[in-house]
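Structure first, then comments.
Just so it is clear, none of the values below were taken in a lab; they were calculated from the coordinates. This is a predicted model, so every value here is computed, not measured. Here the Cβ is made from the backbone with ideal geometry for all residues, glycine too, and neighbour counts use every protein chain on show.
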Amino acid sequence: MMWRSLIVLLAAGSVEAATVTVPLDAPTIQEAIAACISGDTVRIEPGIYQGPSNRNLDTQGRILTFIGRDYPVLDAQYQGRCVSTGSNSQIGLQGMVFVRGQVNWGGGIWIRGGEAWIEDCAFGSNRAAYGGGLLFDSCALEATRCVFSGNFGGYAGAAIYGVGIGHADVTRSILSNNGPGPAAEAAFGSAIILDCSDLHASELGEGVLTSACFDLAPGYCDSPIWDFTLPAKSSVRRTPCGPVGLHGICELPTDVPIPAWTTSWSTLKVRW
C-alpha cells in the first residue's frame, strides 16, 4: 500500500518516528497510542491485555503500526470492541489476537475509512450484529495469513463485513466456524475478494477458495481448539496455493521429510 511508503517518509523527516513498547514504555495499549504521533510504531509484548485501557482502542486518525510479539491477546471481555481505527486512519496490525469483542458494528475491529493492512492476526469469539470479527467501512483493507474462528454476526458477515465504497483483499487466511449466515459479506458498494483462503464450517461452503478452484474440505487436525495444522493427506496441501492452514502437519509419515514451511507458523491453540 502507498501509505507504507508514507511512513518511511515520515520517519525520514524532521521528526524521527518512535517505537512505544507495551508494557515497558506504557502500561496499557491506549496509553501507548496517546504517546504516539503519525508514523510511530506500538510494540506489544506477550500476554493477555484486558481492562478499560486495553479495549475500545481508538487510533484517532493517525498513521500507526502495531506489532505483537508471540501473539499478544487483546481480550475485550464482551464489554466493547477491541479496536476502532478512527476516521480515515492508516493502520497496520501484525501478530496479534483479538477476542471477545461485543458491539453492534465490528466486534473485533472497526476500520472506518482510510487504509489498513493486517498480517498474521487471529479473531475469535467476537460478536456483533454486523461484522462479528471485523467490519471495514469505506476503506481499502489487505488481510494476509489471518484466522477468523468462532465469530458471531447476528445479521451479516459473521467473520468479515464491508460497507461503503471500499474493498478487502483477504489472502491465505482461514475462516472457520463463523455464523450464523455467511462468514464474509459486503454491501453498499463494498467488495470482499477471498483468494487462497479456507472456508470451514461456513454457510458459504467448505474448501479452499482460490481464483481458479474451490477445493475439498481441509480436515484440520483439531479446529475446535484452533489447531489448524493439516493432516499429511489433506487436500489443502495440493491446491495451486500450496498449504493454506496454519503451517504444520499432524500424522506425518515417518518416511516423508518435514517440509521447510512446517515450522514457519506456530499453531494457535486458544479457547474462549
Estimated FRET transfer efficiency (residue 222, residue 167; beta-carbon r; R0 25 Å; 0.05) = 0.15
Cβ density ranking, 10 Å radius, fewest first, applied to 118, 63 yields 63, 118
If packing is taken as the mean number of other Cβ atoms within 10 Å per residue, what is the order of 136-146, 67-77, highest first?
-> 136-146, 67-77
Going by how many other beta carbons lie within 10 Å of each one, how would you line up 85, 59, fewest first?
-> 59, 85
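Based on the Cβ-Cβ distance from residue 120 to residue 195, what FRET efficiency comes out when R0 is 25 Å, to the nearest 0.05?
Details: r = 17 Å, r/R0 = 0.68.
E(calc), rounded to 0.05, equals 0.90.
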Separation between the residue 18 and residue 48 pseudo-spin-labels, each 7 Å from Cα along Cα→Cβ, expressed in nm?
-> 3.1 nm
The base-10 log of I(q)/I(0) that the Debye equation returns for segment 13-126 at q = 0.13 Å⁻¹, one scatterer per C-alpha, is -0.42
Label points 7 Å out from Cα along the Cβ direction at residue 31 and residue 142: separation in nm?
-> 3.4 nm
